Amino acid sequence: MKKVIFVILILINSGSQALSPYEARYALNATTDLGSLKVGTADFKLELNGNNEFTFSSQSYTDSIWKKLYNYTRYEKSIGSLEGNIIRGRLYDIVEIEKDGVTKNNKILINQNEGFVIVNNDKKWGSDSKIIVDELNLYLALSENLQKNPNLKEYSFHVIDEKGIQLVTFIKSEDETISIEDININSIKLTSPELKISINVSEKYNYIPLIINRNSSKTRFRLVLTSFTPR
């Protein structure tokens, strides 16, 4: 992990852009009936093309040794663009399987110009906001906002899921020192009551998520960064 952190420092000190392609791996920890366990891995990948369009994907999965006791899988893909420091999503896919049941299986089309979304070619919701993000590219939008307005105490977004569009606010807490592989990092903790999620980021590491704490329908998950590769 020390080598990984060193790579990130070189990237940022050389003047990295706010939205830069990368791959990151996280240890996936779950709080279950058996206690808090490292049960698997989560992989994130951000790809860009020459028109500031992006494909952001993630895959969380349980290691084979745990599958009989606890099975969790989550696939996400978000396609959109960066326009004037604003993340504008167009398509979001998510499949989530917990234990033996599918908890989410959604395809969401986002029409940013007209302010509406269509879920699974069925439900349609409108919004007064012309900037709508999904559960995955929310991480990119938060990073962009932190870089553009680092002194704000709250950051708000209109977030779409299968239940509709809701206004979500991340509240900045006091700085928090976190430890990753015995390396202490001064981080900013942001918490969203609506999403039941907290994220630790650091200006030094370009505001990518270092730790993600998230509650699903049945379990509490904690993702901790273990490797980072700029592309």
Counted residues, region 36-67 - those being β-branched (Val, Ile, Thr) and surrounded by fewer than 18 Cβ atoms within 10 Å (Cβ to Cβ)
3
Residue list for region 49-74, restricted to those being touching a Phe, Trp or Tyr at 6+ places or on another chain (Cβ under 9 Å) and under 21 Å from ILE208 (Cβ atoms):
PHE56, SER57, SER58, GLN59, SER60, TYR61, ARG74
Looking only at residues that are closer than 18 Å to GLY40 by Cα, under 11 Å from the mean Cα position of the chain (by Cα) and of a type in the set (A, V, I, L, M, F, W, C) in region 192-221, which one is surrounded by the most Cβ atoms within 10 Å (Cβ to Cβ)?
LEU210
Considering region 126-140 alone, what residues qualify as being more than 18 Å from PRO193 (Cβ to Cβ), surrounded by 13 or more Cβ atoms within 10 Å (Cβ to Cβ) and not polar (S, T, N, Q)?
LYS130, ILE131, ILE132, ASP134, LEU136, LEU140
Of all the residues that make up region 116-139, how many are touching a Gly at 6+ places or on another chain (Cβ under 6 Å), at pLDDT 85 or above and part of a loop (DSSP other than H, G, I, E, B)?
2
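Looking at region 104-125, which of the residues that are of a type in the set (S, T, N, Q) and under 26 Å from TYR75 (Cα atoms) is surrounded by the fewest Cβ atoms within 10 Å (Cβ to Cβ)?
Ranking the qualifying residues of region 104-125, first place goes to ASN121.
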Of the conditions (1) crowded, with 16+ Cβ neighbours inside 10 Å; (2) at pLDDT 90 or above; (3) not polar (S, T, N, Q), GLU98 satisfies every one except a single condition; which number is it?
(2)
List the number of the failed condition for GLY50; all other conditions in (1) touching a helix residue (DSSP H, G or I) at 6+ places or on another chain (Cβ under 9 Å); (2) without any contact (Cβ under 8 Å) to a residue 40 or more places away in the chain; (3) not aliphatic (A, V, I, L, M) hold.
(1)
Considering only residues that are touching a helix residue (DSSP H, G or I) at 6+ places or on another chain (Cβ under 9 Å) and at pLDDT 85 or above, look in region 1-25 and name the one that is farthest from ASN206 (Cα to Cα).
TYR22
Here is a check on your reading of the model: is LEU28 within 18 Å of the chain's Cα centre (by Cα), modelled with pLDDT under 90 and buried (at least 17 other Cβ atoms within 10 Å of the Cβ)?
no
Please determine whether any residue of region 143-164 is surrounded by 14 or more Cβ atoms within 10 Å (Cβ to Cβ) and in contact with a Pro (Cβ under 9 Å, 6 or more places away or on another chain).
yes
I'm checking my understanding of the structure. Among residues of region 165-180 that are within 23 Å of ILE118 (Cβ to Cβ) and not polar (S, T, N, Q), which one is surrounded by the fewest Cβ atoms within 10 Å (Cβ to Cβ)?
LEU167
Restricting the search to region 77-121, which residues are at positive phi, among the polar types (S, T, N, Q) and either in contact with a helix residue (DSSP H, G or I) (Cβ under 8 Å, 6 or more places away or on another chain) or in contact (Cβ under 8 Å) with a residue 24 or more places away in the chain (or both)?
ASN85, ASN120
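The values are calculated or read from the model by the stated rules, or taken from the named source; none is laboratory data. Since we're looking at a predicted model, the values are computed, not measured. Note that we place each Cβ from the backbone using ideal geometry, even for glycine, and neighbour counts take in every protein chain shown.
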